[in-house]
Amino acid sequence: MPADIITLGCRLNIAESEAIRDMTGAQDDLVVINSCAVTAEAVRQSRQAIRRARRAHPDARIVVTGCAAQTEPEIFAAMAEVDAVLGNREKMDPAYYALSEKVRVADIMAVRDTAPHMASAFADHARAFLEVQNGCDHRCTFCVIPFGRGNSRSVPAGAVVDKAKALVDAGHGEIVLTGVDVTSYGPDLPGKPSLGLLVERILRGVPALRRLRLSSLDSVEIDDRLFDLIAHEPRMMPHLHLSLQAGDDMILKRMKRRHARADAVRIVERLKAARPQISIGADIIAGFPTEDAAMFENSLALIADCDIVHGHIFPYSPRAGTPAARMPQVDRATIKARAALLRAASEARRDRWLRGLIGSTQSVLVERNGQSGHAENFAPVRFAQPQQPGVILRGTITALENGQLIAQEASHD
C-alpha cells in the first residue's frame with residue numbers, strides 16, 4: 001500500500017502531496033503530514049493531525065513537512081510523535097524520508113531553481129492540480145508564507161504543457177493551475193512570459209483539455225491578455241478566487257497589499273460585464289491590527305460590492321516575525337465576532353446565488369465518489385443517481401439541499 005499522506009492548507013500542498021505519494025511508493029509504514037503555516041490555527045491543526053496519526057499508526061514512521069515544518073521546525077521536532085521534520089525543498093527528494101537525522105530544513109530563501117515536481121496522480125480528485133509556480137516575492141505584513149516557500153520561481157512553459165498533456169491522457173477532464181502567487185508567473189524565465197501567455201500555450205498545446213481553472217489570483221496582476229482569456233475563452237472556467245484580504249484602503253496599505261478597494265471592485269465589475277455567469281471567491285481577513293469598526297464595515301460591504309459567493313474568511317492571528325505582529329492588535333473577542341459576521345454575509349450571498357441556479361442546466365465534472373462534483377462556476381452539485389467518476393455531465397438543477405445543488409437528470413456534455 002502507498003504511504004498515508006495527510007494534507008493541510010492550499011491547493012499547492014494538495015498537488016505536492018500527490019507528488020510525494022507517487023515518489024514514496026508502497027510504504028505502508030510511512031505517514032507524511034504536509035503542514036500549513038498560513039495561520040496559528042493551521043499550525044495547531046497540523047499538530048492535532050500528527051497526534052491523530054500516531055494514535056492510528058502506532059508503529060509507523062511519521063514525517064512532518066510543509067510550510068509549518070519549514071518555518072517552525074523546532075515545534076514539530078519536540079513532539080514525541082514525530083520521527084522526522086523535512087523542509088519544503090527536502091520534501092520533494094525521496095531520499096530524505098529514510099534519513100536517521102530528525103530535522104532536515106534548508107534555507108528556503110537560497111532556493112533558485114524552478115519547481116522540479118508536478119503531480120501526476122490524484123487519489124481523491126477527478127480534477128488535477130498542476131503546479132506552475134512556487135514562492136513569493138511580496139512581503140505582506142501579515143504573511144509568513146514567503147519564509148516557508150522562498151522567493152518566486154516559475155516552471156518553464158514547455159514542462160507545464162507536457163505535464164498537462166500527460167494528465168489529460170490519464171483521463172483528467174479538468175486541470176487547476178496552482179502556485180503560491182500564480183499571477184507572478186514568468187519574470188524569472190527567459191523572455192519573461194506572463195500567466196496569460198502560459199494559459200494560451202496550454203490551451204493551444206493541449207486541445208483535448210476540456211476545462212482549465214486557476215487557483216487564487218492577485219487581482220492587480222490580471223493583465224489584458226489574462227483578462228481576455230478569462231472573459232471569453234470557453235475552456236477557461238467562469239470562476240475566480242481573488243486574494244483581496246480586506247475592503248478598507250488603510251488596512252490594505254498597512255497589509256502592504258498592492259491594490260486599493262476600488263481596484264478590486266473594478267476588476268470584478270469588468271469581469272461580470274464580460275462574462276455574467278462568472279462566480280467570485282475571495283480571501284478576507286477579519287480583525288487585522290488597527291482595524292476599527294468603520295474599517296471592518298468596508299470589508300463587510302466588499303462581499304456585496306464584489307459579489308463574493310465563495311468566501312474564505314480568516315480571523316487574523318499574529319505570526320511571529322511578521323510586521324503585523326508588532327502592530328496594535330484587535331482583541332480576540334472582537335476578531336471572532338467580526339469573522340462570524342463576514343462568514344454570515346458570505347454564506348447568505350452564496351445561498352442566494354445557489355438558489356438562483358435552480359432550474360438551470362450545469363456542466364459538472366463528476367468526482368471520484370461518483371455522486372458529486374462541481375459546475376463550471378464551481379457550484380457544488382450532487383446527482384440524484386450515481387454517475388461514472390471523471391466524466392463531464394450536463395445536469396438540470398432541481399433543488400438545493402445542505403449547500404449542494406441537486407441534479408435530477410444527466411447527459412454527456
Identify, please: which residue in the range 307-319 is out of contact with any Gly (no Cβ under 8 Å at 6 or more places or on another chain) and open to solvent by less than 40 Å² (accessible area, probe 1.4 Å) and is, among those, farthest from A40 (Cα to Cα)? I313
Can you spot a residue in the range 287-295 that is aliphatic (A, V, I, L, M), assigned to a helix (DSSP H, G or I) and within 28 Å of C36 (Cβ to Cβ)? yes
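Residue-by-condition table, conditions (1) farther than 25 Å from I175 by Cβ; (2) not in a helix (DSSP H, G or I); (3) not charged (D, E, K, R):
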{"site": "A320", "(1), (2), (3)": "yes, yes, yes"}
{"site": "A325", "(1), (2), (3)": "yes, no, yes"}
{"site": "Q329", "(1), (2), (3)": "yes, yes, yes"}
{"site": "E347", "(1), (2), (3)": "yes, no, no"}
{"site": "Q362", "(1), (2), (3)": "no, yes, yes"}
{"site": "L365", "(1), (2), (3)": "no, yes, yes"}
{"site": "R368", "(1), (2), (3)": "no, yes, no"}
{"site": "N377", "(1), (2), (3)": "no, yes, yes"}
Can you find, within the range 247-277, the residue that is farthest from R235 (Cα to Cα) among those that are open to solvent by less than 30 Å² (accessible area, probe 1.4 Å) and of a type in the set (A, V, I, L, M)? I251
Could you tell me whether the range 231-241 includes any residue that is closer than 25 Å to D137 by Cβ and at pLDDT below 95? no
Any residue in the range 167-195 that's more than 21 Å from C136 (Cβ to Cβ): show its pairings with residues that are at pLDDT 90 or above and of a type in the set (D, E, K, R) at Cβ separation under 8 Å, as long as the two are six or more apart or on different chains. G173/R210; G173/R211; E174/R210; E174/R211; E174/R213; I175/R211; I175/R213
So which of T396, T361, T322, T334 ends up being closer than 29 Å to R127 by Cβ and open to solvent by less than 60 Å² (accessible area, probe 1.4 Å)? T396
In the range 26-47, how many residues are β-branched (V, I, T), touching a strand residue (DSSP E or B) at 6+ places or on another chain (Cβ under 7 Å) and open to solvent by 60 Å² or more (accessible area, probe 1.4 Å)? 0
In the range 399-413, the residues that are within 24 Å of H241 (Cβ to Cβ) and either crowded, with 20+ Cβ neighbours inside 10 Å or without any contact (Cβ under 8 Å) to a residue 40 or more places away in the chain (or both): N402, Q404, L405, A407
From D162, D181, grab the single residue that is of a type outside the set (A, V, I, L, M, F, W, C), open to solvent by 10 Å² or more (accessible area, probe 1.4 Å) and over 23 Å from G148 (Cα atoms). D162
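The values are calculated or read from the model by the stated rules, or taken from the named source; none is laboratory data. Owing to the predicted nature of the structure, the values given are computational and were not obtained by experimental measurement. Neighbour counts are summed over all protein chains in view; Cβ atoms, including those assigned to glycine, are modelled from backbone coordinates with ideal geometry. The area values use the complete protein model at the heavy-atom level, side chains included, leaving out ligands, DNA and RNA. Shrake-Rupley method; radii C 1.70, N 1.55, O 1.52, S 1.80 Å.
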